[in-house]
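The values are calculated or read from the model by the stated rules, or taken from the named source; none is laboratory data. Treat the numbers as computed from the prediction; the structure is a model and nothing was measured. Methodologically, a virtual Cβ is constructed for each residue, glycine included, from the backbone with ideal geometry; neighbour enumeration extends over all protein chains shown. All accessible areas refer to the heavy atoms of the entire protein, side chains included, with ligands and DNA or RNA removed. Shrake-Rupley method; radii C 1.70, N 1.55, O 1.52, S 1.80 Å.
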Amino acid sequence: MLQRWKAYIFPAADGGEYRWGRIKASLLVLSFVLVCYSAVSSGGFWWSGPDCAQASLRFSSGPAPTNLSHIVFGIGGSARTWQQRRSYSELWWRPGEMRGHVWLDEEPAKEQPWPGTCPPFRVSADASRFGARAAPARMARIVAEAYWALGKEDERVRWLVMGDDDTVFFPENLVAVLGKYDHQEMRYVGAPSESVEQDVMHSYGMAFGGGGFALSRPAADALAGVIDGCLDRYNYFYGSDQRVQSCLSELGVPLTREPGFHQVDIRGDAYGMLAAHPVAPLVSLHHLDNMKPISPRGGTQIEALRSLVEVYRFDPARIIQQCFCYESGWRYKWSVSVSWGYTVQLYPWVLAPKDLEIPLQTFQTWRSFSDGPFTFNTRSLKPDTCEQPLMFFLDRVQDSEGSVATMTEYSRDESEAAGRPCDRPGFDAALEVETVRVLAPRMDPTAWSRAPRRQCCRTRRTGKGKVLEVRIRHCDPGEITSPP
Ligand SMILES: *[C@@H]1O[C@H](CO)[C@@H](O)[C@H](O)[C@H]1NC(C)=O
């Protein structure tokens, strides 16, 4: 041991470089441990060990962590509809910080300059030779065109991410998801449709294009090399996404399913789905145009989405993450479900976590407007308001406790709050709650590279019963959330 320490401190002539590297690395790790230790001892309430343990491990060698600069976006658009659709891209696109293009079918009208708030455009190559269905062939070819468009200086690009002009991406979470995978291997990442009828008709093994999908550079390279032959062979398909999948299937590359990509193949109101998201980062949402606005905030779908995107920026990893807690007092027992940054449900009765994590079915299937089946379980939303939770929607967000935490506040929809939903005594105390105030530590962006675990919370009534305070925190090892 002593010999080894000596060797560290007095590096031998040979391998001196190497040892210096080791010493520097050790010092870095040591300083990290110290920083972490002080965070644990001072922060107390919010912090717990695993974050820091993980952080120090990050000094191990290997490629630098994936970030936005490693991603190139390819958005399928059309010149004639771009003006109506552009507000979706403008919600998430950050000029100067992101790379990629909207691929149009023709040159846009010259009257207006191309808005600087949108991704720059390119015009796709003519795809009319691929038969009557040239439009999906053009869309499918965008992957290849985006790949060919990479110059020599783009060697850093690791992933090509495709989406529609009405896809909303959550970029930090996209980075977190892709960062889990080795970009030097062939990967195809996305998710099938929510409606079983759609998966049966198209494919369970396909990333539905509107939810977006990612191809690692080697996968994009291989696909680009064979795409034209595939477009000939599979020109009978309806969509571009199925052409891409058929071609990847020839290459033997299966879909890696990530539950954060959302095609949103449902009708009606996406509320139930967004209020009970799986324990996985939210990566995308698609074609919400014809659905009920996801919240009463702002009045239109775009404004409701803007509110979600704004709160997202306060704590990207945590957006719509669920957690459950119980509040009981004299003659009442409540179950509380938080979907962070979006909504809080207060049930004036007791429901187990296994039920709270199942979406309320506020929607129908995409094709036949039926009550299912979906690729996940649903709970029916009973018409009797005594069987429905009180629903609170996000009002405001701000930093809290310096910048290590956030405070979000939720209130009931005014139109609904006006009436008395239910005359049962159990509702009395619940109806007094005007505001739910949620305090949450900012989630570690690397949390999603570890095994997912729902976080824990506890509640407290304040403000003479008008405020329900929820404190979210890491669960202790082995901690359970069980109904009272
Ligand atoms: C992204 O990663 C690269 C290394 O590949 C690094 O040079 C760059 O500074 C990183 N960008 C950001 C914004 O962190």
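Here are some notes:
- Between residue 69 and residue 354, the modelled label-to-label distance comes to 4.9 nm, taking each label 7 Å out from Cα in the direction of the beta carbon.
- Length gained when the stretch residue 424-residue 446 is fully extended (0.36 nm per residue, less Cα-Cα span): 3.4 nm
- FRET efficiency for residue 83 and residue 128, using Cβ-Cβ distance with R0 set to 25 Å, rounded to 0.05: 0.50
- Helical segments meeting 27 Å axial Cα length and Kyte-Doolittle -1.0 threshold in the chain (DSSP H): 16-43
- Gap separating the Cα centres of segment 195-245 and segment 374-443, nearest whole Å: 40
- When a 1.4 Å probe is rolled over the protein heavy atoms, the share of accessible surface on segment 68-257 that falls to carbon and sulfur comes to 50 percent.
- Note on the chain: lysine pairs with Cα distance below 18 Å, sequence gap of 8 or more or different chains, count 4.
- Two-site FRET efficiency, residue 201 against residue 309, from Cβ-Cβ distance with R₀ of 41 Å, rounded to 0.05: 0.80
- Counted by Cβ distance under 14 Å from residue 368, the other residues give a net charge of -3, where Lys and Arg count +1 and Asp and Glu count -1.
- Full-stretch length increase - residue 226, residue 184 - with 0.36 nm per residue and alpha-carbon distance subtracted: 13.2 nm
- Of all DSSP beta bridges confined to the chain, the antiparallel ones make up roughly 70%.
- Heavy-atom accessible area per residue - the chain, 1.4 Å, Å²: 47
- Approximating the spin labels as points 7 Å out from Cα along Cα→Cβ, the residue 413-to-residue 94 distance works out to 3.2 nm.
- Among 132-139, 61-68, 370-377, the order from most to least packed when residues are scored by Cβ within 10 Å on average: 132-139, 370-377, 61-68
- Apportionment of accessible area to carbon and sulfur, segment 315-473, percent (1.4 Å): 49
- A straight line joining the Cα centroids of segment 251-318 and segment 99-140 runs 25 Å.
- Antiparallel bridge percentage (DSSP; both residues within segment 315-473; nearest 5): 85
- At q = 0.13, 0.15, 0.20 Å⁻¹ the log10 of I(q)/I(0) for segment 62-170 amounts to -0.49, -0.65, -1.09, computed by Debye summation with a single uniform scatterer per C-alpha, solvent ignored.
- Among the chymotrypsin sites (Phe, Trp or Tyr not before Pro) in segment 220-311, those located in a DSSP loop and surrounded by at most 13 other Cβ atoms within 10 Å of their own Cβ are 236, 238.
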